[in-house]
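S.K.: The structure follows.
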Amino acid sequence: MRMQSNAARDGDARPKQYLLVEFPYPSGEGLHVGHLRSYTAMDILARKRRMEGKNVLYPIGWDAFGLPAENYAIKTGQHPRVTTEQNCANFRRQLQAMGFSFDWSREVNTTDPAYYRWTQWIFLQLLRQGLAYKAKMPINWCPKCKIGLANEEATGGVCERCGGPVEKRDREQWMLKITAYAEQLLAGLDTVDYIERAKAQQRNWIGRSEGVDIDFSVQGSDAVITVFTTRCDTLYSCAFLALAPEHPLVTRLTTEAQRDAVAAYVDRARAKTEIERTKLDQEQDGVFTGSSAVNPISGEVVPVWISDFVLGHYGHGAVFGDIHDARDFVLGKRYGIPMRVTVLPPSGDDVDAIRAQAVCYPDDGVLIDSGPFTGMTSSEARERIAQWLEEHGAGRRRVQYKLRDWVFSRQRYWGEPIPVVFCAACGTVPVPEDQLPVLLPEVERYQPTDTGESPLANITEWVNTKCPQCHGPAQRETDVMPNWAGSSWYFLRYIDPKNDRALADPTQLQYWMPIDWYNGGMEHTTLHLLYSRFWNLFLHDIGVVPVAEPYQKRTSHGMILGPDGEKMSKSRGNVINPDTIVAEYGADAVRVYEMFIGPFDQMVPWSTDGLVGCRRFLERVAALLSRVDPKPAGDSCGTIADRDLLRMMHRTIQRVTEDIEDMHFNTVVSALMEYTNALVKQERIPFLAYTTLLTLLAPFAPHLAEELHEQLPDPEAPAHLLADHPWPVFDPAQLAADTWEMVVQVNGKVRATLSMPTNATLAEMQEQALRDATVQKHLAGRAPTRVVVVPGKLMNIVVD
RNA sequence: GCCGGAGUGGCGGAAUGGCAGACGCAGCGGAUUCAAAACCCGCCGCCUGCAAAGGCGUGAGGGUUCAAGUCCCUCCUCCGGCACCA
């Protein structure tokens, strides 16, 4: 079989089309049927786009740094590079067996030094711009395995490896200031075409809220407690302040009498695990510091408490407590702190209960007992009180985000070394760009050290180096980057994968970016998708990338579950192995079934019976070949005399063309099946009718379509591949029929179906309908009060 | 609690407000075969009926409309995300 070229051509005159799928982590298990769903869908689009005359870039590569290879190395001593190479070879074989039309000349691998050189380069740019910094952060530490764990490995506070409890250890970590881009990451969502749930999830994750920082001065001290609130309209009801146990002022504000009680409470809070502390169904508790603070708007003096429902990392780790918040309400009631109602619902019968402080009213309403703001609505009061606070220097409007900075250090081996050195004289010094990449050295043992440092820390000849600035003795950073680093910019490298002077040539970036369509899993919406948008925004800001938003359009495929409806897993034994099914049913049948299995964006269970049906469909297509009329001489593929068949062909072209764009692949396959079933009923099949079927089928089942195309009864053997055919265009004029089936309803119920000439007049339609016996029976002699006619569809006769 | 999505035959699912159940699977019947598998033809939502025909039917209840799976209101259930976030 002749091979079509899938290579994208840089700077081609044709319109470009950059289609992207998430590159896989090359695990030892091989490809998953879930990969196939995404890759097949985008392969169909890539093939269709090429037939439509586009210059298509559809690349693939390997996101090959990662924990499984490293854990395997710890167990066996086998170098991750070796297993990674084997796994990549296996994945490559599997992807090629599926016939995906990737541009293999642009393959990238995140573990290739020629690649991670540029990952390190991007880090240096972030460092230079002050967006990378070191901070003391707690890491997950398993005391039994003596290993630092990623959050994903410590879910539920339990070590994934040994099942023992995980504790927090403070460690200096590299951080990336993604929060500096919070607003842009949020605003950018309005400029791109992502599926709604992806946008919603990102907005959720960024968690923007508008509010006010309010300063409370502590009585008998020069200390000031700043709290953040979105509800400054309830400021007159402030009954107390509550600090997080880790708040820096805790020690200072605690009076002698309260010292023991506070110390006990803070210790107890610290001993609690993250899960215990954030458990929802517990009553808020706390302890009084002994100090009091002044409400800047009312001058009222309120007690300062400590409670662990207040989070240290959000806002300023302090809140003002009042009766209009469910948690504050519980705390106040529990300790008998005097509270005051200042917001009432505009109407309703619960007013008495609210006034009596029997229930908490957390919603907006109308203000009472609030000085000059009494009588205002909550939203009005928020505006005016914020203004008052700003004018009196007691507060500032501010936007607060839930998004937190990105912990960028891993105490691991199999990752990109972070390219900095520590010099006693010069401090933290970036490795000069011309010395990149900082190569990952060979180690003997892959275990992290007892101190929680990376295995790299043990290689003294690597760690000890010279300071690039003063040439004095210095030590290398031994942390490596997280998995997300390499995947945060890979789409840029595909554009110019072999460039050794820049991460990619600006002219090529200008030509190919942005990515027209990116499909991937929902599980990557908040991490990978957000991280890579952040890096691209940053690279855009420093003039490396021409567009701010990397992905013009983002879609997501639903997960494929096991035949039992459960998530596929080795332990459940419900995993479908692509190699097995491809060997048994062929790649084309698997491709067609992956698209036919159900709505593309929804979760669906695997069914090998369904796959059999797709295999049978392809066999029916192949069986038609013997009944195809020979191609007439000349360039034309001939005509179709049968008007019904011709109409169906055009209808099928339309459905397939439109439904592919909407990712309704399941209905595309059924449209092709219906068209095939119509051809099955023909004694002889017009050449044109059959080549059209093959052309429409080609993106779905390229191997079979191409093979049948070669065997067509064409005396002048075709000079080109089916894949080089132009995509068929449907002719709306051919969709019109001479007659239509008119459904006749009486009072909305179907009573007859009559064949109508397209040019029938209203009177003729009505006359025919009224003559029908069943219609007459249901009219029972009554005269129609109204007749509704929808031409081409139906007639509804309404009687009383 | 907030945000997003979904609920239709035995199963996966289809349906610009206009014949609910396309297409496929499973099932049933036939044809073929020495026999079986495959292929081929037909039937296939539920109830009544020999049939003709009729009634019911898209999570529940209301509403709009000549006409509602589809639009509006009030709920219920399931899936996903966020969550003592002030």
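The values are calculated or read from the model by the stated rules, or taken from the named source; none is laboratory data. Please read all numbers here as calculations on a predicted model, not as lab measurements. Virtual Cβ from ideal backbone geometry, glycine too; neighbours counted across all protein chains shown. Only protein heavy atoms, including side chains, enter the accessible area calculation; ligands, DNA and RNA are left aside. Shrake-Rupley method; radii C 1.70, N 1.55, O 1.52, S 1.80 Å.
S.K.: Compute the distance in nm between two label points, each set 7 Å from the Cα along the Cα-to-Cβ direction, one at A:Val330 and one at A:Lys570.
M.R.: About 4.2 nm, to one decimal.
S.K.: A follow-up question, please. Subtract the Cα-Cα distance of A:Gln78 and A:His471 from 0.36 nm times their separation in residues, and report this length gain in nm to one decimal.
M.R.: Answer, rounded to one decimal: 137.9 nm.
S.K.: Would you mind checking the tilt of helix A:113-128 against the longest principal axis of the Cα atoms of chain A, expressed as 0 to 90 degrees and rounded to 10?
M.R.: Tilt relative to chain A: about 40 degrees.
S.K.: If you take the beta carbon distance between A:Ala223 and A:Met137 as r and set R0 to 25 Å, what does 1/(1 + (r/R0)^6) give as a FRET efficiency, to the nearest 0.05?
M.R.: For R0 = 25 Å, the calculated efficiency reads 0.40.
S.K.: With N set to the number of residues, divide the alpha-carbon radius of gyration of chain A by 2.2 N^0.38 Å and report two decimals.
M.R.: Relative to the 2.2 N^0.38 Å estimate, chain A comes out at 1.22.
S.K.: Looking only at Cα atoms, what is the convex hull volume of the stretch A:556-685 per residue, in Å³?
M.R.: Cα-based convex hull of the stretch A:556-685, divided per residue, equals 134 Å³.
S.K.: About the Cα centre of chain A, how large is the charge dipole given +1 on each Lys and Arg Cβ and -1 on each Asp and Glu Cβ? Please answer in debye to the nearest 20.
M.R.: 600 debye
S.K.: I would also like to ask the following. How many angstrom lie between the C-alpha centres of the stretch A:176-248 and the stretch A:445-510?
M.R.: The distance from the Cα centre of the stretch A:176-248 to that of the stretch A:445-510 comes to 34 Å.
S.K.: What number, rounded to the nearest 500 deg cm²/dmol, is the helix-based mean residue ellipticity at 222 nm of chain A, given -39500 (n - 2.57) per DSSP H run of at least four residues and division by all its residues?
M.R.: -10000 deg cm²/dmol, from helical runs alone.
S.K.: Within a Cβ distance under 14 Å of A:Arg47, other residues only, what is the Lys/Arg minus Asp/Glu net charge?
M.R.: -2
S.K.: Counting alpha carbon pairs within less than 8 Å and at least 6 residues apart, what relative contact order, in whole percent, applies to chain A?
M.R.: It rounds to 13 percent for chain A.
S.K.: Under 8 Å for C-alpha pairs, at least 6 residues apart: give me the relative contact order for the stretch A:604-712, rounded to a whole percent.
M.R.: The value is 35 percent.
S.K.: Then there's this: Once the whole set of protein chains is in place, how much accessible area is left on A:Met559, using a 1.4 Å probe, in Å² to the nearest 10?
M.R.: Rounded to the nearest 10, that gives 80 Å².
S.K.: Here's something else I'd like to know. For the pair A:Asp644/A:Val547, report the inter-label distance in nm, with labels modelled 7 Å from Cα in the Cβ direction.
M.R.: 4.8 nm
S.K.: Which FRET efficiency value, to the nearest 0.05, do you get for A:Asp738 and A:Val787 by plugging their Cβ-Cβ distance into 1/(1 + (r/R0)^6) with R0 = 25 Å?
M.R.: 0.60
S.K.: Give me the mean projected area, in nm² to one decimal, of the convex hull enclosing the Cα positions of the stretch A:497-542.
M.R.: In nm², the orientation-averaged hull projection of the stretch A:497-542 is 4.1.
S.K.: Compute the angle between helix A:643-661 and the longest alpha-carbon principal axis of chain A, please, reported from 0 to 90 degrees and rounded to the nearest 10.
M.R.: 10 degrees
S.K.: I want the antiparallel fraction of DSSP beta bridges within chain A, as a percent rounded to 5.
M.R.: Percent antiparallel among DSSP bridges in chain A is about 75.
S.K.: Calculate, in nm to one decimal, what A:Ser347 and A:Ala180 gain on full extension: separation in residues at 0.36 nm each, minus their alpha carbon distance.
M.R.: Full extension of this stretch gives 55.8 nm more.
S.K.: Net charge near A:Thr226: determine it from the other residues with C-beta under 15 Å of the C-beta of A:Thr226, scoring Lys and Arg +1 and Asp and Glu -1.
M.R.: Every neighbour counted, the sum reads 0.
S.K.: Order these peptides, A:16-24, A:456-464, by their mean beta-carbon neighbour count within 10 angstrom, highest first.
M.R.: With the highest mean Cβ count within 10 Å placed first, the list reads A:16-24, A:456-464.
S.K.: Continuing with the same structure: Between their Cα atoms, which of A:Lys631/A:Lys681; A:Lys498/A:Lys553; A:Lys144/A:Lys168; A:Lys134/A:Lys168 are more than 25 Å away from each other?
M.R.: A:Lys498/A:Lys553, as the Cα separations exceed 25 Å there.
S.K.: On to the next question. Please tell me which of these pairs span more than 22 angstrom C-alpha to C-alpha: A:Lys749/A:Lys793; A:Lys199/A:Lys570; A:Lys749/A:Lys777?
M.R.: Distance filter (> 22 Å) returns A:Lys199/A:Lys570.
S.K.: Can I ask one more? So how do A:617-626, A:223-232 stack up, highest first, on mean other-Cβ count within 10 Å?
M.R.: The peptides rank, most packed first, as A:223-232, A:617-626.
S.K.: Still on this structure, I have one more. Relative contact order for the stretch A:408-496 using alpha-carbon pairs under 8 Å, separation at least 6, rounded to a whole percent?
M.R.: 40 percent
S.K.: Between A:Arg169 and A:Arg92, what is the spin-label point distance in nm, taking each point 7 Å from the Cα along the Cα→C-beta axis?
M.R.: Label-label distance for A:Arg169 and A:Arg92, simple model: 3.9 nm.
S.K.: When the chain is fully extended, how far beyond the present Cα-Cα distance does A:Gln435 get from A:Asp369, taking 0.36 nm per residue of separation? Can you show the working numbers first?
M.R.: On the way: separation 66, 0.36 × 66 = 23.76 nm, distance 6.80 nm.
Gain on extension, A:Gln435 to A:Asp369, equals 17.0 nm.
S.K.: The stretch A:390-473: percent of C-alpha pairs farther apart than 21 Å?
M.R.: Values: 1708 of 3486 pairs.
Tail fraction, whole percent: 49.
S.K.: Taking only Cα atoms, what is the 0 to 90° angle, nearest 10, from helix A:587-596's long axis to the longest principal axis of chain A?
M.R.: So the inclination is approximately 70 degrees.
S.K.: Listed highest first by mean packing, meaning other Cβ atoms within 10 Å per residue, what order do A:203-211, A:700-708, A:524-532 come in?
M.R.: A:700-708, A:524-532, A:203-211
S.K.: Please name whichever of A:Ala752, A:Trp517, A:Leu624 sits farthest to the positive end of the charge dipole of chain A, dipole taken about the Cα centre and charges placed at Cβ: Lys and Arg +1, Asp and Glu -1.
M.R.: A:Leu624
S.K.: Same structure, new question: Hey, what D do you get for the stretch A:634-765 in µm²/s if you plug the Kirkwood alpha-carbon radius into Stokes-Einstein at 10 °C and 1.306 mPa s?
M.R.: 94 µm²/s
S.K.: Using just the C-alpha positions of the stretch A:163-316 as equal point scatterers, what log10 of I(q)/I(0) does the Debye formula give at each q in 0.09, 0.16 1/Å?
M.R.: -0.42, -1.07
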